[in-house]
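Participant: The structure that follows is given in the form of structure tokens.
Read-outs: derived from the displayed coordinates by stated rules, not from any lab. It should be emphasised that the depicted structure is a prediction, and the values quoted were computed from it without experimental measurement. Here Cβ is always computed from backbone atoms with ideal geometry, including for glycine, and neighbour counts include all displayed protein chains.
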Amino acid sequence: MLTDSRKETVTMTDQILTPRQREIVELVANGYTRDQIARKLGISPRTVTQFKMDARHRVGYRLGVIVPSTPMLTALCVKYGEIDIYA
């Protein structure tokens, strides 16, 4: 259990990401590239990048940490039950 600067406890039942952010992070966690995700979801590769960046900011703010990379984002999302890596 991790707390942010406002002392709000983050639990596994809290939803940090939007459904689309969650979908993209799950695909990344399952080995899809940016271009593969873009094709699969019918969006541009730049949009995929933007969703990942927004997800990093959301998770970092909510957990009170800096999320410097996509692997770190994926690890935190798995740890806190935000994504299912077997989806």
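Participant: When Y32, Y61 are ordered from fewest to most other Cβ atoms inside 10 Å of their Cβ, what list results?
Facilitator: The most exposed by this proxy come first: Y61, Y32.
Participant: Another question, then. At 0.36 nm per residue, and after removing the present C-alpha to C-alpha distance, how many nm does the segment from Q36 to T18 gain when stretched out fully?
Facilitator: Roughly 4.5 nm would be gained on extension.
Participant: Roughly how many nanometres apart are two label points built 7 Å out from the Cα toward the Cβ at A75 and Q50?
Facilitator: 2.9
Participant: Compute the normalised compactness of region 11-87: alpha-carbon radius of gyration over 2.2 N^0.38 Å, N being the residue count.
Facilitator: In units of the globular-protein estimate, region 11-87 measures up at 1.00.
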